[in-house]
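Visitor: Below is the structure I would like to discuss, written out as structure tokens.
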Amino acid sequence: MDEPRYTRNEDQAGRYDRHWNELLQELRIAQTGVQILFAFLLTIAFTSPFRDADDFTHDVYAVTIVLSAMSMALLIAPVSFHRIVFRQGLRDRMIPLASRMTAGGLALLMLAVCGGLLLALDVVLVRWLAITVASAALLWFIVFWYVIPARVRARSAS
């Protein structure tokens, strides 16, 4: 026998407030992660071993730090958005856009983390193995961040 679906007894304003608060909680976690990653990546460029690294390493680094910066921009954007539209009664418009910004930021964060992983593993493993492990990590992210939630969502819709 199927269990009844979880429902809330709230008005539209309460729903918007709850959605905004839930999004802020999610952003706090993601923002911290991307900021730490970005700071770590910034320090790499100023080390002697990095300056002596090959073109592959420099290319992966360049792509990874740009992905990290773009991710940070998208994950912090809802805060700026909120500041600009504060007290304008626009939560109904702000939340869907902020949610899309967050989704985009998380996708870029996933790629940046895998790029950072590739940079680190390339130092301690042979390159083909570093690429394989970073690719496996990307698949891991995709499964846990997208495939499993999509399957749960699809099952709940039917």
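The values are calculated or read from the model by the stated rules, or taken from the named source; none is laboratory data. These figures come from a predicted structure and were not determined experimentally. Here Cβ is always computed from backbone atoms with ideal geometry, including for glycine, and neighbour counts include all displayed protein chains. Heads up: the accessible areas ignore ligands, DNA and RNA and are worked out on the full protein's heavy atoms, side chains in. Shrake-Rupley method; radii C 1.70, N 1.55, O 1.52, S 1.80 Å.
Visitor: Just to check your reading of the model, which residue among 108, 75 is more than 30 Å from residue 12 (Cβ to Cβ) and part of a helix (DSSP H, G or I)? Spell out the reasoning first.
Guide: Values: 75 fails: more than 30 Å from residue 12 (Cβ to Cβ).
After ruling out the rest, the residue left standing is 108.
For (1) open to solvent by less than 70 Å² (accessible area, probe 1.4 Å); (2) part of a helix (DSSP H, G or I); (3) free of Cβ contacts under 8 Å to residues at least 40 places away in the same chain, each residue gets a yes or a no:
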{"residue": "115", "(1), (2), (3)": "yes, yes, no"}
{"residue": "119", "(1), (2), (3)": "yes, yes, no"}
{"residue": "128", "(1), (2), (3)": "no, yes, yes"}
{"residue": "140", "(1), (2), (3)": "no, yes, yes"}
{"residue": "145", "(1), (2), (3)": "no, yes, yes"}
{"residue": "149", "(1), (2), (3)": "yes, yes, yes"}
{"residue": "155", "(1), (2), (3)": "no, yes, yes"}
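Visitor: Among the candidates 125, 97, 109, single out the residue that is under 20 Å from residue 55 (Cβ atoms) and modelled with pLDDT of 85 or more. It would help to see each step written out before you state the result.
Guide: Values: 97 fails: under 20 Å from residue 55 (Cβ atoms); 109 fails: under 20 Å from residue 55 (Cβ atoms).
Result: 125 is the single residue among 125, 97, 109 that is under 20 Å from residue 55 (Cβ atoms) and modelled with pLDDT of 85 or more.
Visitor: Cβ-Cβ under 9 Å, sequence separation 6+ or interchain: first residue in the range 26-55 and free of Cβ contacts under 8 Å to residues at least 12 places away in the same chain and over 14 Å from residue 120 (Cα atoms), partner surrounded by 12 or more Cβ atoms within 10 Å (Cβ to Cβ) and not polar (S, T, N, Q). Which pairs?
Guide: From the range 26-55, the pairs are 51/45.
Visitor: For the range 38-50, how many residues meet the condition of being out of contact with any His (no Cβ under 9 Å at 6 or more places or on another chain) and assigned to a helix (DSSP H, G or I)?
Guide: Residues that pass the stated criteria total 9.
Visitor: Mind listing just one residue for me: the one in the range 75-95 that is free of Cβ contacts under 8 Å to residues at least 60 places away in the same chain, open to solvent by 50 Å² or more (accessible area, probe 1.4 Å) and under 15 Å from residue 24 (Cβ atoms) and, of those, nearest to the chain's Cα centre (by Cα)?
Guide: Among them, the one singled out is 76.
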